[in-house]
Amino acid sequence: MDVPDNQILGMEKKHKLCFRSIQDMIPARAVLYLMSFSGFLVSFMMRTDINIAMVAMAKMRLRSENSSNLTELYCYTSVTNGTQSFEDQKPMEEGEFDWDSTVQSAILGSFYWCYILSQVVGGVLTQRFGTKTVFGFSQLATAIASLLIPQAASLHFSAVIALRSLQGMASGLTWPAMYALVGIWIPSNERTRFMSSFQGFSFGIGLTYMVCGFIIGNYGWRVVFYMNGSLGVAWCLLWWLLAFDLPHKHPRITRRELNYINANIGENIINTKDLKVPWCSIMTSIPAWSIGITTFGRIWVHYTFIIYGPSYMKTILGFSIQKNGFMNGAPFLCSYLSSVVFCYAADFIIARNLMSLTNVRKMFTAISQVIPGLLVLTIGYLGCQITLILVIWFVAVTLITASYAGAMANVVDIAPNFAGHILAFAQTIHMSASFLSPLAAAIMLQDNPTLERWRRIFAVTACVACGTYVMYQFGGTAKEQVWNNPNRKNNSGSVRVSPENNQLIVNNKTDPERGDG
């Protein structure tokens, strides 16, 4: 029986309307949150996998003159040596490549050499080409390099260093790019919560250690790089389909959501493509320097756990590769949940005016690095009290995420129009800790990973974490800086962009809560 054409058109129209109604139930901001979360997750899986893979890639080299004293400090040695033994412990896995501590440190740190240099470049490229293009291509380059690492390792360690440097250069573009999107897409009262999506990196680190530890133990370390590289390529395809630089250019956004974003993104969010970036003001800004310096300390303690955590659990605690991966990964998986709690707590305090925005940022910054800095110091003095060590390890790693309700959120507070550029400047400062921390650890270990040497590493970490916070305590502020909106010099009100026609709109209101700093 033939169906009339008008009935077919009616059915198709009904189907489209039904599908559209389902789409409308999912806010475009929620999709952006998921893409941001998953993007950082995949990015950090590709960035971190070599930390756990190195345990299986490199042979353990010990100085023979100290070998008699060295064995007394391992928690997996026999009871006759005066330390605790564990039934589930296995002898240390023998690596494949004869790389000394200097080579291993160079491989682990090479990612961050170019990562630092590309921060400012990321801000400039984002302003020119937009977040979608910059973030997408940087992820793709990182994924391709990850797929090539197994062949590079068999060729020569310098080839691995070259690929890791390329990954660092590409990944350095991602943070400024995503920060630039926050001020345009996310209403001011939701920004702290949206920042929790950046904690996809913690989830990525935790997932990497746990999954990769299992994969390495059963299938070998090469599979790790093939898997993560493939995930990176797959994510890029989704990103190009679902991400858009401006709300009004999103094909699936509802008029209601667009109006809500336009009404709440803040009065001083303007089109920065036509603005000259105030680099001189940024580089002479005490609040910007305060963010960069204090976060240097957080990065230092964070990367002590990220990069050298697996090595400590292998050489001192004597964990197998599977147990190593699980114990290192579990705290980072929970870090995402803790970041959400911290961000919601910050929004709760701010919304009810329980504390000033500046004091909220300082409090959560102190939680994120002063307390973890003190906790990491105690780990080296707990000997082989495995349970207590793991509890402290867990607490320290989860507290680090409070920074995303503190100094990291502060980047958007002081200049939302140039958040990507400020982050690029701050990251140029604080991400230097990501290679200085493993470099300092390698110098102190010197192929002789005794407990005493690990205590020195933890002591330096504590001093850096606590000492750098002092700058933020005295120089940090949440007040919007006057150079955020150059048009303010010529207008008594604020200026923003209409999403319908990209025309500047003058608004004579000011926000007393944010200040004019």
Quiz item: What are the residue pairs meeting all of these: first residue in the stretch 232-247, first residue at negative phi, second residue of a type in the set (D, E, K, R) and open to solvent by less than 50 Å² (accessible area, probe 1.4 Å), Cβ atoms under 6 Å, and 6 or more apart or on different chains?
Solution: Ala243/Lys132; Asp245/Lys132
Exercise. Please go through the stretch 429-454 and pick out each residue that is within 16 Å of the chain's Cα centre (by Cα) and either over 21 Å from Arg361 (Cα atoms) or at pLDDT 85 or above (or both).
Key: Ile429, Ser432, Ala433, Ser434, Phe435
Self-check item: helices (runs of 4 or more DSSP H) enclosed by the stretch 332-432 - at least 2 residues per element that are closer than 19 Å to Gly183 by Cα, aliphatic (A, V, I, L, M) and in contact (Cβ under 8 Å) with a residue 40 or more places away in the chain
Solution: 407-414, 419-430
Quiz item: Restricted to the stretch 128-147, and to residues that are open to solvent by 30 Å² or more (accessible area, probe 1.4 Å) and touching a helix residue (DSSP H, G or I) at 6+ places or on another chain (Cβ under 6 Å), which residue is farthest from Leu237 (Cα to Cα)?
Solution: Leu147
Quiz item: Got at least one residue in the stretch 177-188 being under 19 Å from Cys343 (Cα atoms), outside any helix (DSSP H, G or I) and open to solvent by less than 10 Å² (accessible area, probe 1.4 Å)?
Solution: yes
Quiz item: Does Val124 fit the bill of being touching a residue at least 60 places away in the same chain (Cβ under 8 Å) and either surrounded by fewer than 23 Cβ atoms within 10 Å (Cβ to Cβ) or in contact with a Gly (Cβ under 6 Å, 6 or more places away or on another chain) (or both)?
Solution: yes
Self-check item: Meets criteria (over 22 Å from Phe203 (Cβ atoms), polar (S, T, N, Q) and at pLDDT below 90) for Asn6
Solution: yes
Quiz prompt | Inter-residue pairs, beta-carbon under 9 Å, first surrounded by fewer than 21 Cβ atoms within 10 Å (Cβ to Cβ) and in the stretch 278-301, second assigned to a helix (DSSP H, G or I) and among the charged types (D, E, K, R), 6+ apart | solution = none
Practice problem: Consider Gly229 carefully, then state whether it is more than 26 Å from Leu423 (Cα to Cα) and modelled with pLDDT under 85. | Solution: no
Practice problem: Within the stretch 217-237, track down each residue that is over 19 Å from the mean Cα position of the chain (by Cα) and open to solvent by 20 Å² or more (accessible area, probe 1.4 Å). | Solution: Gly217, Asn218, Tyr219, Gly220, Arg222, Val223, Tyr226, Met227, Ser230, Val233, Ala234, Leu237
Quiz item: Given Thr428, Thr398, Thr450, which one is more than 18 Å from Ser101 (Cα to Cα), in contact with a Leu (Cβ under 9 Å, 6 or more places away or on another chain), surrounded by fewer than 22 Cβ atoms within 10 Å (Cβ to Cβ) and among the polar types (S, T, N, Q)?
Solution: Thr428
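The values are calculated or read from the model by the stated rules, or taken from the named source; none is laboratory data. Not measured: the values here are computed from a predicted model. Every residue, glycine among them, receives a Cβ derived from its backbone with ideal geometry; neighbour counts consider all protein chains shown. Accessible surface areas use protein heavy atoms only, side chains included; no ligands, DNA or RNA. Shrake-Rupley method; radii C 1.70, N 1.55, O 1.52, S 1.80 Å.
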